[in-house]
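*Asks:* Before I ask anything, here is the structure I am working with.
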Amino acid sequence: MEKRVTLKLHDGDLETGFSVSLQIGDEGASPTAEILGGLPAAQELELLYQRWQLAYRQLGLPLRLGVSRVGFATNVSHREDCHNLAEELQYAFNQWLRSEIFRPIQDKLLERLNPDDTIRLIVQTQQDVLQRLPWHLWDICDRYPKLEIALSAP
């Protein structure tokens, strides 16, 4: 079955937290379930993202596809730094999504979705930093192999 899930993050920022609403329904139909929740402040997420982004840029990799540089090698310590920061960011991101005030949202997802469902999860937010977070690394994605995530402004 095809499901459409809309996760709306509104009224807030990473310094103060967010109010959150979740809608679940069949694709092309009105939502059959809706629940309200929240996410706590998580200032460290923006800092971790910025540190990872800086480490990634220090690798010296081209930012766009194009002609490859022959003989290009990156400093191993820069790669390790980038990898370690990526893991820290993923861990902090998932800890944030495991918060108590977000638990009703996660519980509703687990209750209403089946691992065999084809799921389109739309994350709606006006916050640029939230759109840059690694939503594809959310632990819940492991449970639903046919889940795709899209980002959208409200």
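*Asks:* What pairs come up if the first residue lies in the range 3-14 and is closer than 12 Å to Pro31 by Cβ and touching a residue at least 12 places away in the same chain (Cβ under 8 Å), the second is open to solvent by less than 30 Å² (accessible area, probe 1.4 Å) and of a type in the set (Asp, Glu), and their beta carbons are under 9 Å apart, counting only those six or more places apart or on different chains?
*Replies:* Lys3/Asp117
*Asks:* Then there's this: Here is a list: Asp11, Asp81. Which entry is in a strand (DSSP E or B), of a type in the set (D, E, K, R) and at pLDDT below 90?
*Replies:* Asp11
*Asks:* Considering only residues that are over 16 Å from Leu89 (Cβ atoms) and part of a loop (DSSP other than H, G, I, E, B), which ones fall in the range 128-154?
*Replies:* Tyr144, Pro145, Lys146, Ala153, Pro154, listed by residue number.
*Asks:* Please tell me if Ile149 is in contact with a His (Cβ under 6 Å, 6 or more places away or on another chain), within 27 Å of Gly28 (Cβ to Cβ) and surrounded by 14 or more Cβ atoms within 10 Å (Cβ to Cβ).
*Replies:* yes
*Asks:* What are the pairs, 6+ residues apart or on separate chains, where a residue within the range 114-130 that is modelled with pLDDT under 95 and among the aliphatic types (A, V, I, L, M) has its Cβ under 8 Å from a residue that is part of a helix (DSSP H, G or I) and open to solvent by 60 Å² or more (accessible area, probe 1.4 Å)?
*Replies:* Final answer for the pair search is Val129/Glu46.
*Asks:* Could you check the range 89-101 and list, in sequence order, the residues that are more than 14 Å from the chain's Cα centre (by Cα) and not polar (S, T, N, Q)?
*Replies:* Glu100, Ile101
*Asks:* Any residue that is closer than 15 Å to Leu9 by Cα and in contact (Cβ under 8 Å) with a residue 60 or more places away in the chain - is there at least one of those in the range 132-143?
*Replies:* Checked the range 132-143: at least one residue is closer than 15 Å to Leu9 by Cα and in contact (Cβ under 8 Å) with a residue 60 or more places away in the chain.
*Asks:* Find the residue count for the range 85-97, including only residues that are without any contact (Cβ under 8 Å) to a residue 24 or more places away in the chain and either surrounded by 14 or more Cβ atoms within 10 Å (Cβ to Cβ) or among the charged types (D, E, K, R) (or both).
*Replies:* 1
The values are calculated or read from the model by the stated rules, or taken from the named source; none is laboratory data. Given the structure is predicted, the values throughout are model-derived calculations rather than measurements. Note: ideal-geometry Cβ built from the backbone for every residue, glycine included; neighbour counts use all protein chains shown. For the accessible areas, the whole protein counts, side chains as well, though only heavy atoms, and no ligand, DNA or RNA atoms are used. Shrake-Rupley method; radii C 1.70, N 1.55, O 1.52, S 1.80 Å.
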